[in-house]
Amino acid sequence: MERIALHTRLKPGKEGDYERVHATIPEDLDAALRAAGVHTWRIWRSGRDLFHVVEVDDYKAMRIALRDHPANVPWQARMAELLEVEDDYSGDDSGVPLVWELP
C-alpha cells in the first residue's frame, strides 16, 4: 500500500463552499474510490491550503481508473470551481515528496 501526500489550494473565498461540498461525498464516488484501491483519504485545511493524505493500493493506477469514471468526472468539475489549479488527471502526478519521517 502507498501513502501519498498532496497539496492543493482553494480560490479566494471558497473555503466554506469546499467544506460544505465535502460534508457528504456522493455514494457513487465513495464506491469508485474504494474500487480503485483507496483505503483512506484525509484532508486538512489551513486557510486556503489543503493537505491530503491518501492511503491507496496503487496511486497511479487509481488515477487512471478514476480519470474518466462517471462518478469522478462531475466531482472534478465541481472541484475545478473551487481550486486554484484544476486536476484534470492528465499528468503523471506522484504527490508531494517525503522529506523526513520519524520511524
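Observations, loosely collected:
- Among the residues of the stretch 1-42, those identified as within 20 Å of VAL85 (Cβ to Cβ) and in contact (Cβ under 8 Å) with a residue 40 or more places away in the chain are ILE4, ALA5, LEU6, HIS7, THR8, ARG9, LEU10, LYS11, LYS14, ASP17, TYR18, VAL21.
- Sole residue being in contact with a Ser or Thr (Cβ under 7 Å, 6 or more places away or on another chain) and not hydrophobic (A, V, I, L, M, F, W, C), chosen from GLU27, GLU19, GLU55: GLU55
FYI, it's all coordinate maths here, none of it is from the lab. What you see is a predicted model; the values in this text were computed from it and never measured. Cβ: placed from backbone, ideal geometry, glycine included. Neighbour counts: every protein chain shown.
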